[in-house]
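So the structure is just underneath, and the comments pick up after that.
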Amino acid sequence: MTHKPKAPTAVKMATRTAVILFVFVICFTGLLSGAYLWTLPAIEASAAEEKMKLIDEVLPRSAYDNDLLKDTVQIPASAVLGLDVPSTVFRARKGGKDVALVLEAVAPDGYAGKIRLLVAVNADGALTGVRVTQHKETPGLGDYIEPKKDKNKERPWIAQFNGLSLLTVSERDWKVKKDGGRFDSVAGATVTPRAIIKAVYKAAKYVDENRDRLYATQPGEPT
Amino acid sequence: MITRAELRQIAANGVWKQNTSIVQILGLCPLLAVTTNLVNGVMLSLATIIVMALSGFAVAALRNFIPHEIRIPVFILIVAALVTVVDLLFNANLHELYNVLGIFIPLIVTNCIVLARVEAFANKNPPLQSMFDGVFMGVGMLWTLALLGGLRELIGAGTLFSGIDMVFPGLQPLQLLPADYPGLLLAILPPGAFILLGCMIAWKNWIEARAAARRQLRTDTALAAGN
């Protein structure tokens with residue numbers, strides 16, 4: 001008589017498939033964690049590089065010698081800056097001396113929603129640069145706030161802020177010319193610059209009022 | 001290895017006969033969401049091609065180790081792991097491309113076409129064939145999504161290639177209809193996608209029906225001549 005293999009019991013079958021599934025899960029989880037760990041440094045580096053590229057536009061790299069991305073302070077959500085979540089302020093220093101602060105600000109009243117800005121203010125309160133990082137203003141009309149889209153390549157609209165400070169420009173001059181201020185605007189699209197000017201002014205004021213706390217190397221608990 | 005005839009059959013199936021979007025009607029969720037313009041449709045398809053080729057190859061290579069009863073969870077595991085790995089690798093090594101394709105890669109997880117091909121083809125065929133099946137299914141999706149996206153964009157907004165400057169900086173989208181074209185919102189919204197997809201399916205069926213009628217006519221005349 002030939003030996004007939006016994007039909008596997010249900011328990012045996014279930015165990016077998018469970019073990020196989022388990023092995024698959026282990027293998028592919030291993031693959032995932034391997035890929036994650038292997039790519040992590042590169043992903044972090046490119047995220048940092050992207051941030052630096054943006055910061056370079058508002059603050060020249062020659063102005064400071066510290067590792068700006070590491071020298072940061074967290075600020076709580078603040079209505080003045082239009083931020084509804086905590087945000088990071090980058091601090092530029094040269095030879096240990098305070099040079100500038102780079103911070104985020106939001107203009108909540110753009111023509112089509114919020115306009116996100118990156119603002120750099122140097123140690124004596126003058127703006128070194130402002131960039132729009134995100135906006136939904138009308139293409140071809142309100143989007144001249146981005147230097148890339150601005151027709152005036154020599155002196156883009158957003159460059160008007162460079163060098164200004166609360167000391168050199170009085171509060172009532174932080175307006176478009178149409179409203180009696182000192183800033184140019186494009187006819188037909190004044191809501192956008194109005195929102196940005198207001199937000200930049202508030203950011204400059206925020207830095208002025210909080211400068212000691214923002215530059216402090218051992219920041220206290222955010223209040 | 002793979003023979004030329006096999007390859008031709010796989011290609012014909014993927015690009016036309018078993019076209020994912022207009023024959024199998026699979027993967028409609030990303031299709032509706034993404035084909036509001038041509039560039040998006042093409043980008044999603046490119047990302048899908050990569051994932052389908054990889055998952056087809058992986059599943060076919062492992063097919064003899066996968067018990068029949070638990071094949072679906074294992075497939076899902078493999079596909080999801082591969083999508084995530086592709087996402088990470090793109091982010092790390094091809095960061096410029098990732099900025100463009102990145103948002104589409106997670107969308108592929110919602111695309112049942114990947115799982116469908118793995119189950120219908122890769123589960124029963126060798127790795128190389130399965131990889132090409134994935135590629136050509138993706139190519140079939142590429143042209144249909146490009147056509148659908150292009151039509152929706154043209155009818156809905158009067159432009160073509162909007163968003164191309166994200167892929168190739170410096171290129172401008174084409175304004176095909178007059179700048180004061182009011183746009184047709186329906187084409188941009190999901191119902192517009194369904195209506196246009198229906199038209200495309202009808203168009204494909206019409207071509208097939210015409211070809212079949214011609215074949216029929218030829219055999220009829222051949223028979224008549226023979227008698």
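Rule-based calculations on the coordinates, nothing more; no lab input. Since the model is a prediction, treat every value here as computed from it, not as a measurement. Every residue, glycine among them, receives a Cβ derived from its backbone with ideal geometry; neighbour counts consider all protein chains shown.
Here are the numbers:
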{"item": "Test for A:SER33: is it part of a helix (DSSP H, G or I) and within 13 Å of chain B (Cβ to nearest Cβ)", "result": "yes"}
{"item": "Of residues in segment B:116-131 being under 14 Å from B:GLN18 (Cα atoms) and not charged (D, E, K, R), the one surrounded by the fewest Cβ atoms within 10 Å (Cβ to Cβ)", "result": "B:ALA120"}
{"item": "Top-ranked residue of segment A:51-94 - restricted to ones that are without any contact (Cβ under 8 Å) to a residue 40 or more places away in the chain and among the β-branched types (Val, Ile, Thr), ranked as farthest from A:ARG116 (Cα to Cα)", "result": "A:THR72"}
{"item": "Residues being touching a Pro at 6+ places or on another chain (Cβ under 6 Å) and buried (at least 22 other Cβ atoms within 10 Å of the Cβ) - total across segment B:58-67", "result": "1"}
{"item": "From the options B:ILE78, B:ILE72, B:ILE113, B:ILE105, residue that is touching a residue at least 12 places away in the same chain (Cβ under 8 Å), crowded, with 18+ Cβ neighbours inside 10 Å and more than 14 Å from B:GLY56 (Cβ to Cβ)", "result": "B:ILE105"}
{"item": "Segments classed as helices (runs of 4 or more DSSP H), wholly inside segment B:1-107, with at least 1 members that are over 13 Å from the mean Cα position of the chain (by Cα) and at the interface with chain A (Cβ under 10 Å from one of its Cβ atoms)", "result": "B:38-62, B:71-93, B:95-101"}
{"item": "So B:PHE161, is it within 30 Å of B:LEU94 (Cβ to Cβ) and free of Cβ contacts under 8 Å to residues at least 60 places away in the same chain", "result": "no"}
{"item": "Sole exception among (1) among the aromatic types (Phe, Trp, Tyr); (2) crowded, with 17+ Cβ neighbours inside 10 Å; (3) within 14 Å of chain B (Cβ to nearest Cβ) for A:PHE22, by number", "result": "(2)"}
{"item": "Some residue of segment A:104-115 being touching a residue at least 60 places away in the same chain (Cβ under 8 Å), touching a Phe, Trp or Tyr at 6+ places or on another chain (Cβ under 7 Å) and either part of a strand (DSSP E or B) or among the charged types (D, E, K, R) (or both)", "result": "no"}
{"item": "Residue check for A:ALA14: within 11 Å of chain B (Cβ to nearest Cβ), more than 30 Å from B:LEU62 (Cα to Cα), without any contact (Cβ under 8 Å) to a residue 60 or more places away in the chain and part of a helix (DSSP H, G or I)", "result": "no"}
{"item": "Residue under evaluation B:ALA53, criteria (1) buried (at least 21 other Cβ atoms within 10 Å of the Cβ); (2) touching a residue at least 60 places away in the same chain (Cβ under 8 Å), criterion not met", "result": "(1)"}
{"item": "In segment A:61-104, the residues that are surrounded by fewer than 17 Cβ atoms within 10 Å (Cβ to Cβ), in contact with a helix residue (DSSP H, G or I) (Cβ under 7 Å, 6 or more places away or on another chain) and among the β-branched types (Val, Ile, Thr)", "result": "A:VAL80"}
